[in-house]
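The values are calculated or read from the model by the stated rules, or taken from the named source; none is laboratory data. Worth saying up front: this structure is predicted, and the values here are computed from it rather than measured. Cβ sites come from the backbone with ideal geometry, for glycine too, and all protein chains shown count toward neighbours. Ligands, DNA and RNA are excluded from the accessible area calculation, which covers all protein heavy atoms including side chains. Shrake-Rupley method; radii C 1.70, N 1.55, O 1.52, S 1.80 Å.
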Amino acid sequence: QWQADWVLDHRADAHAALGLEATRQIDRVLEGSGDPARRAEVKFRLASFLNWGSGELDDAELYCRQALELFQQAGDDRSALHAATELAWVASLKGNFVDSANRAVEVIDKARESGHIGPLMHAGAVKGYQQLAMGEFGEAEVVLRQSAELAREAGNEYALARGLSALALNLALQGRIPEALSHLEEARRAYPKYVEAVVQEWSAIVMWFAGDFPAVVRYTEQALAANPGGLSRRRGYALPFAAGAAAEINRAAEAEDFATKARNLYGTRRWSFCCDYASWAEAQVLVLKERSEEAAISLEPATLSIFRMHAWPWAAPMELDRAEIACLTGNRTVADQAASDLDRIAAEVDRDLYRGLAAVAHAWAHLAGGKRTAAAAAAEKAVTLLTDTGCQAFLARATDVLGRSLAGIDRERAVENLEHAAAMFDRCGAAVRRERTLQALASLGTRGRRAAAGARGPESLTSREREVVRLAQQGLTAKEIGRELFIGSRTVETHLSNAYAKLGISSKMQLMGIPPQILS
């Protein structure tokens, strides 16, 4: 059936290539038919294949307009509203979020007047997605909840799971992570076959904002496993986030594979902001390969593109990366520009999460200009704003730049903040950032070196320290260890003191409780 839920929900997107040419042939055969309803159904299906399958948006818009006119000729108001909803999706995929939302509102108004629940539910989802993309979170939440409730009342488990996961994403983008996670769990309970409803893909993005990078990779891998023929455009949103997460974890091959998949899927042609996010994924791989200047060059046009679409929440992570990379590569001008752009985003979105990210960017920009006091003040503000968001990686990044800013002002506080940032990065699975933070920590004198070594644990023990520790575990005294290794007792005590700090212990009794294999 042409108007079945699987058509309206775009669930044939992964197989669009198989159906596209056949549907074109059917359309040609029916061109001279006097049955406008039948012709409209074929054109509507063709538009969907083009929209979500091949991504040929101009052709999709053309066929969708023809379908709308034919449905109207046939007097099928309900189907005409579905065609109008698909036109709203076309506008969205072309990057015209405002136009898309306005079109969805028109459908919603007409659907309410006529009492057509299906179009009302689908158009509500479109409007919610567009408002979410532009950071109009309050309005998006209202309409997405209404759409989800309509799906619940209609017994449409697929649409309910999709709606709940969209709500989760809306909440995560506001920095309301615990609520977002709760909605994802509800989405999985609502629809046992939730892998069909892009729940895993949205889960990956939510977990990226939460700062759980191993979970991002896991959910994306599950989505890939559930679609052995490859992800469609609609299901590929998580790939750039998985690339970034794998880069954070220091799994370079996987990061590059995810980034390649994203580029192969979205190419360089406009399809929402996905081609721009593919560039972001590639930039993160470049940073991992220590090619930050190339990453900065690739980020600039991608960020500008999303900025022009007014997709404020989605531009923010890119702008933050631009500010940080610019500082670390000595480009103060770009750092200032990125911080200014994040100020604009924060003003448009009006949430602490984005005010916090703007403050982090300003801290990096001030550091690039050598203004440590101003950088520390901005970083302090960022930490305050981000503390209650649940976005742990962003909070860790704010704490990291605070520690770096304080390095030339208050070394004790610098050590404390860098040590705290390293611990947070560790909980996020962000091994690469953790190591960079520990390197900065180790540059802060004796206390910083000891703190960094303590954070690294047994892996940071020198070969001599390992020898001393092994002999101490055998019950030898400092004097006996000295004779064994031909070093003085005081040197032995120094090695033991350093080893205790690195192992996080304070006595020989605690040392005896450490399994020898850990020290091997």
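Contact annotation: residue pairs with Cβ atoms under 8 Å, 6 or more positions apart or on different chains, pairing a residue in segment 111-139 that is in contact (Cβ under 8 Å) with a residue 60 or more places away in the chain with a partner that is open to solvent by 20 Å² or more (accessible area, probe 1.4 Å) and of a type in the set (Lys, Arg), are GLY118/ARG78; GLY135/ARG351; PHE137/ARG351.
For segment 41-60, the condition holds for at least one residue, the condition being that it is open to solvent by 20 Å² or more (accessible area, probe 1.4 Å), modelled with pLDDT of 95 or more and under 26 Å from PHE273 (Cβ atoms).
Is there a residue being under 33 Å from the mean Cα position of the chain (by Cα) and free of Cβ contacts under 8 Å to residues at least 60 places away in the same chain anywhere in segment 19-37?
Quick first cut of segment 19-37, residues under 33 Å from the mean Cα position of the chain (by Cα) only: 19-20.
Subsequent filtering for residues that are free of Cβ contacts under 8 Å to residues at least 60 places away in the same chain retains 19-20.
For segment 19-37, residues under 33 Å from the mean Cα position of the chain (by Cα) and free of Cβ contacts under 8 Å to residues at least 60 places away in the same chain: present.
Return yes when ARG65 is over 18 Å from ALA84 (Cβ atoms) and either out of contact with any Asp or Glu (no Cβ under 8 Å at 6 or more places or on another chain) or modelled with pLDDT of 95 or more (or both) and no when it is not.
For ARG65, the condition - over 18 Å from ALA84 (Cβ atoms) and either out of contact with any Asp or Glu (no Cβ under 8 Å at 6 or more places or on another chain) or modelled with pLDDT of 95 or more (or both) - is not met.
For every residue, the table says whether it meets (1) part of a helix (DSSP H, G or I); (2) in contact (Cβ under 8 Å) with a residue 12 or more places away in the chain; (3) closer than 24 Å to GLY55 by Cβ; (4) under 11 Å from the mean Cα position of the chain (by Cα).
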{"position": "SER147", "(1), (2), (3), (4)": "yes, yes, no, no"}
{"position": "LEU181", "(1), (2), (3), (4)": "yes, yes, no, no"}
{"position": "GLU201", "(1), (2), (3), (4)": "yes, yes, yes, yes"}
{"position": "ILE205", "(1), (2), (3), (4)": "yes, yes, yes, yes"}
{"position": "GLY230", "(1), (2), (3), (4)": "no, yes, yes, no"}
{"position": "ARG234", "(1), (2), (3), (4)": "yes, yes, yes, no"}
{"position": "ALA245", "(1), (2), (3), (4)": "yes, yes, no, yes"}
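Contact map, segment 454-466: first residue over 15 Å from SER497 (Cα atoms), second residue open to solvent by 20 Å² or more (accessible area, probe 1.4 Å) and β-branched (Val, Ile, Thr), Cβ cut-off under 6 Å, separation 6 or more or different chains; the map is empty. In summary, GLY229 fulfils each of the numbered conditions (1) open to solvent by 10 Å² or more (accessible area, probe 1.4 Å); (2) modelled with pLDDT under 95; (3) in contact with a Phe, Trp or Tyr (Cβ under 8 Å, 6 or more places away or on another chain) with the single exception of condition (3). Of all residues in segment 481-490, those satisfying the criterion of being of a type in the set (A, V, I, L, M, F, W, C) and either exposed (fewer than 14 other Cβ atoms within 10 Å of the Cβ) or outside any helix (DSSP H, G or I) (or both) are PHE486, ILE487.
To keep it simple, each residue is scored yes or no on (1) at pLDDT 95 or above; (2) within 14 Å of the chain's Cα centre (by Cα); (3) assigned to a helix (DSSP H, G or I).
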{"residue": "GLN284", "(1), (2), (3)": "yes, yes, yes"}
{"residue": "VAL287", "(1), (2), (3)": "yes, no, yes"}
{"residue": "GLU290", "(1), (2), (3)": "no, no, no"}
{"residue": "GLU293", "(1), (2), (3)": "no, no, yes"}
{"residue": "SER298", "(1), (2), (3)": "no, no, yes"}
{"residue": "ALA302", "(1), (2), (3)": "yes, no, yes"}
{"residue": "PRO313", "(1), (2), (3)": "yes, yes, yes"}
{"residue": "MET318", "(1), (2), (3)": "yes, yes, yes"}
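Residues that are farther than 14 Å from TYR277 by Cβ and open to solvent by 20 Å² or more (accessible area, probe 1.4 Å) within segment 301-321 comprise ARG308, HIS310, listed in sequence order.
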